[in-house]
Each structure stands twice: as structure tokens, then as C-alpha cells.
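A short worksheet on the structure shown next.
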Amino acid sequence: MIEIEHLSKRYGDNIVVDDVSFTVGEGEIAVVVGTSGAGKSTLLRMINRLVTPNEGRVLIDGQDTATIPEDELRHRIGYVIQGYGLFPHRTVAENIATVPRLLGWDRRRIAARVEELLDLFQLDPGEFAQKFPHQLSGGQQQRVGVARALAAKPALLLMDEPFGSLDPVIRGKAQDDLLAIQRRLGTTIVLVTHDMNEAFHLGDRIAVMDGARLLQYATPADLLTHPAEPFVEQLVGTAERPFRLLSLVTVQDAMEPGHAEGEPIIVSATLRDALAQLIWHGRQDLPVADASGTLIGRISVDGILKRGRSLA
Amino acid sequence: MSTRALILRAAALILLVAFVTMPQLFAFAFAPLTANNAPAIYNQGSLLALTLSHVRIVVLATLASTLLALALGIFVTRPAGREFLPLSRSLVNIGQTFPPIAVLAIAVPLVGFGEKPTFIALFLYGLLPIFENTLAGLTEVSPRTLEAARGMGMNARQRLWQVELPLALPLILAGIRLSVIISLGTATIGSTVAAKGLGEVIIAGLQSNNVAFILQGGLVVALLAVLLHDGLGLIERAAARRLGRPVDEIA
């Protein structure tokens, strides 16, 4: 668990982060979202003390981070930045091994860990371990950047616009991959982005920042239904609201018994995706299948709309 | 590397070695350049010994320049040394603008004749390219790479040795190469203050109006310069290729 208590940062008269407090539970993803210059990155960098706060403190599992030597603290916190900052003179394997090497792990343990991570990120060790960063595509570099941050099994991962330099086509896939890996490892993540869709896609909780202040920290559904300030409402997008809500709920919750004709929808899909399918195929209802492909019910336009209304 | 380039390099090397070890074999080529039965080949000392001491002083001076320029370059790019940047820049620039012959003139009364004044002149003259390239190399390291290094908990020394210096290496090597080539040529004037070197051959030729001698001294220096330039360039390109930079970027 990570507790941020009254963090503030000033540069001269300029307040960059103003009295921000929130708590991220074990294994949760907290997304900090806001316009550029809202203080998101500074807030993130105060967690691993790349920036020293003027006031306030950060507790990781109850321990005040100010009491841990800086470098030691950073060894324990994964850090991914936009553009990844891979070391161009080191191979993929050497890049991933950075923190374990700083920690003095023995050679065999490092090699095993590197291979494990390459497998986890679907990069064939035989093909990628000895490549240099400039030989990788953007998506591959992104995966190596995250693998490197996770190498020493940190309990906390900080990510600053980690998908910012990916094109939209692979961005969605990279986000899904991150979610899958996070669910598997149970790593707590604090992620900074300016992309609202990304925030709703990834966040268990979303912190909205503007002008150095934290406006609201809430679950995505809460943010939509009970925006604390007009700015939050505006950022979320009034017209987008019902669709965002639908994207937070899976087909499971609006499934009805019975049969329907047509291409089945998988039960783990979001209602937003299901509605899109229904509109596209011009149907009132479609069958629902579970992961193994067995038909288990139907989903209808009326059912989705009813569910959508009840959410608001 | 193409086969032709390889053959050319090998030929230049063989020519150089053959000429300094067995100069008499080449007498026929230089004889037409002499007059009044003057010797066609330098006969006041061993060409091999002169070549070796010429190379020796260049290597020693460049080593010393490299050590100081590197240390200075690293120092002024650290937070503690940043304010010394303008000062070190002008000091190193003075070393370059001062003509080596003037340095010799000042150094001889202080340290006497021989290799010492030559060493001082070459040392001062070689500082600038290495210092400037070290600076450029260290300041060109991407801020993102450094941010990532800090964020992963590398301390200042680890960042310098594991990230900054390896990334600056191709440029630093280019600076050293420039410095070596400048010193090779400049070292010939050391012979005016009695340093052992290939300048002796050229000066002997000037004094006795023997074009063959002048040409021999010049030829050996030129062959050395070409071969060293080439060899150091190969190392640089290998270092740059590792970083994924196009080979042409390092000029």
C-alpha cells in the first residue's frame, strides 16, 4: 500500500504540486490524469524522490520513504518513462538486468530472471536478448522498458506516460498486456497520463489533477456519476459519459437467459463493445459465449440500455 | 570493409615498415632528387630509431592530453564543476591558439633542450580536440536515458561509468584521433630544439638543400598519419556501431 500525505512542491513562487493526498491499495492501479502542466509528473517523481517534496511525505507499506537512502528506495520502485530511456549501448538482456546488477545478484539468478521476463512479455529470448534497443520496434522497446522496471520484483511501479510514444494501433494492445501482467504479478501501479480513455481503461482509481491540485480521487464509475467539480465533468466529457460507464461493465452483468441468432459475444467483453457489435450487425440481440465458446445466454440492446440508465 | 581498402592499408603498412627498416632498398627512387653526389638516403642516423622516438613522444603527449582533457571534461559537466566550464574552455583554447613554435621558444629556457619542450607543446596542442569532444559526448547523452538511470537507483558514479562515458566514447575517440594526427605533424618541429624525431631528417634536408631527405621525412610522417588515422577510425566506428549510430555521423 502506498500513502501520499499532503505532498507539496514549489519552485520559487511557482506551486507545482499543492497539498496532494491519496492512498493506493495493494495491487491497485491508480491513474493520475490531468492537463499538461498540472503537476502529474512532479507528483510521480516525488514518490521515488527524483524530486524532493517541500512538504508532506510518502509511505510505502507504512514506511516513510524519506528514511530510506534514495538509491535504495529507487531499487525497490520500478520506473518507466515516456520514450523508456533504454540504454542504447546495452543489449535488451543487459538493459533488463540493470537493477539486479546494481543489487549484486549472481549471474545465474540474473540470467534466469531476464529469461523469465522476456517470456512474460512475449519476446523470444533467443531472438531478442542480444539485440540493441535501436533494433527494436516501438512496441518492443516499450515492453523492454516495463520488463526492465519489473526486473527486481518491485512492489510498486511508477509509469509516466508509458504509452505516449506508441501509435494508437499498438497502444491498445500494450495497455491490455500491461493489465494482464499486472493482474498476474499483483504489482501496485501509479500511472500518469493525459489520455482520459487510458485512465478509464487501466485505472482502479483515477486521480484528476488541475493547476497543481488534486480535484478528485475516485473509482472510474464514481468519477462519472459524481464529478466533484465542473472541471472533472468537463474532462470526463459529458457526451461520453454513458459510453464510458458502459465500458466499465462487462456483458456478464447484463446477460439474459435465452437464445439469439448471430455471431456470439464473449462474456468478458464490455457492454460498450457489445453495444457496438449490436449496432454494427443491426440486431436487437446476440448470443453470449464463455471463454471456451459455449453459448450461455443472450445480450440485447434493451438490456444494455436499461443497465446503462441504472448506472447513471 | 572492402577488399580493396584492406589491400591499400596492408600496402601502406608494408611500405612504411620496409622503408624505415631497409631504406637503402629505396635509394634508386630518391637518387634522381639529389645533386652533386649527395646521399639519396638519410645517413646521419637510423630512420627506424627516429620513427620510433617520433611515435613515442606523440603517444606520450596524447596520453597526457587525454588524461587531463578527459578529467577536465568530466569535472565541468558535474554539478560541482559546472561553473568552471567557461574558464576551462578558455584555458584549453589558449593551448590551441598559441603556436607550438612559440611554446617551444618559451619552454626551452625553462626546461632545456630535448624532448621536454616538445612534449609540452604537443601536450598543450592536443588538449582542445579531446576536451571539446568529451564535452560534446557527455552533454549529448539523452536526458531520458539519464532520467531512467537515476530512476533505477544508479548513483552519480555508476551513471558516469556505466552510462555517460560509454555513450560518449565514440566522440571521445574521435577527439583523440584528431589530437594524434595534429601531434604527428607538429612533432617534426621538435627537432629544432633537439628532440629525436623525423623532423631531423627534414631539417637535415633543408640545411644541405637535399630534396630527397625532406621527402623521406615527410613521407614517413604522412604514412604514419594515414595509418594511425585509419586504425583509430576503425575503433571509433566499432564503438559507434554498437550504439546503433550511422557510421557517417562520426566525422
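The values are calculated or read from the model by the stated rules, or taken from the named source; none is laboratory data. This structure is a prediction, so every number in the text was calculated from the model and none was measured. So basically every Cβ, Gly included, is an ideal-geometry build from the backbone, and we count neighbours across all protein chains shown.
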With the checklist (1) touching a helix residue (DSSP H, G or I) at 6+ places or on another chain (Cβ under 9 Å); (2) hydroxyl-bearing (Ser, Thr, Tyr); (3) surrounded by fewer than 14 Cβ atoms within 10 Å (Cβ to Cβ) in hand, flag the one item B:SER65 doesn't pass.
-> (3)
Going through region A:37-86 in order, the residues found to be of a type in the set (A, V, I, L, M, F, W, C), part of a loop (DSSP other than H, G, I, E, B) and either over 23 Å from A:ASP195 (Cα atoms) or within 13 Å of chain B (Cβ to nearest Cβ) (or both) are A:LEU50, A:VAL51, A:ILE68, A:LEU86
Determine which single condition A:ALA239 fails, assuming it passes every other condition in (1) outside any helix (DSSP H, G or I); (2) in contact with a strand residue (DSSP E or B) (Cβ under 7 Å, 6 or more places away or on another chain); (3) small (Gly, Ala, Ser).
-> (2)
Keeping to region A:257-281, report how many residues are more than 22 Å from A:ARG244 (Cα to Cα) and surrounded by fewer than 18 Cβ atoms within 10 Å (Cβ to Cβ).
-> 6
Pairs returned, first residue in region A:18-29 that is free of Cβ contacts under 8 Å to residues at least 40 places away in the same chain, second residue that is aromatic (Phe, Trp, Tyr) and assigned to a strand (DSSP E or B), beta-carbon separation under 9 angstrom, 6 or more apart or interchain, are A:THR23/A:TYR217
Please determine, by comparing only the residues of region A:92-104 that are surrounded by 15 or more Cβ atoms within 10 Å (Cβ to Cβ) and without any contact (Cβ under 8 Å) to a residue 40 or more places away in the chain, which one is farthest from the other protein chains (Cβ to nearest Cβ).
-> A:ALA93
The residue from A:ILE299, A:ILE304 that alone is out of contact with any Gly (no Cβ under 6 Å at 6 or more places or on another chain), at pLDDT 90 or above and not assigned by TED's automatic domain parsing to the domain that holds A:PRO162 is A:ILE299
Within region A:248-270, work out how many residues are part of a helix (DSSP H, G or I) and among the acidic types (Asp, Glu).
-> 1
Does region B:165-215 hold any residues that are polar (S, T, N, Q) and in a helix (DSSP H, G or I), and which are they?
-> B:SER179, B:SER183, B:THR186, B:THR188, B:SER191, B:THR192, B:GLN207
List pairs: first in region A:207-233 and within 23 Å of A:GLY308 (Cβ to Cβ), second aromatic (Phe, Trp, Tyr), Cβ under 7 Å, 6+ apart or cross-chain?
-> A:PRO220/A:PHE200
Is it the case that A:LEU43 is crowded, with 20+ Cβ neighbours inside 10 Å and either over 22 Å from the mean Cα position of the chain (by Cα) or touching a residue at least 40 places away in the same chain (Cβ under 8 Å) (or both)?
-> yes
Test: A:HIS89 is in contact (Cβ under 8 Å) with a residue 60 or more places away in the chain, within 11 Å of chain B (Cβ to nearest Cβ) and either over 26 Å from A:MET209 (Cα atoms) or small (Gly, Ala, Ser) (or both) = no
Is it the case that some residue within region A:4-11 is touching a Ser or Thr at 6+ places or on another chain (Cβ under 6 Å) and basic (Lys, Arg)?
-> yes
Of all the helices (runs of 4 or more DSSP H) wholly in region B:107-164, which have at least 2 residues that are of a type in the set (Phe, Trp, Tyr) and either crowded, with 19+ Cβ neighbours inside 10 Å or facing chain A (nearest Cβ under 9 Å) (or both)?
-> B:115-139
Which condition number in (1) under 20 Å from A:PRO162 (Cα atoms); (2) within 25 Å of the chain's Cα centre (by Cα) is the one that A:PRO100 fails?
-> (1)
Out of A:GLN135, A:GLN142, A:GLN130, sole residue that is within 14 Å of chain B (Cβ to nearest Cβ), in contact with a helix residue (DSSP H, G or I) (Cβ under 6 Å, 6 or more places away or on another chain) and not hydrophobic (A, V, I, L, M, F, W, C) | A:GLN142
Go through B:LEU228, B:LEU215 for me and flag whichever is away from chain A (no Cβ under 12 Å), surrounded by fewer than 21 Cβ atoms within 10 Å (Cβ to Cβ), under 30 Å from B:ALA40 (Cβ atoms) and in contact (Cβ under 8 Å) with a residue 60 or more places away in the chain.
-> B:LEU215
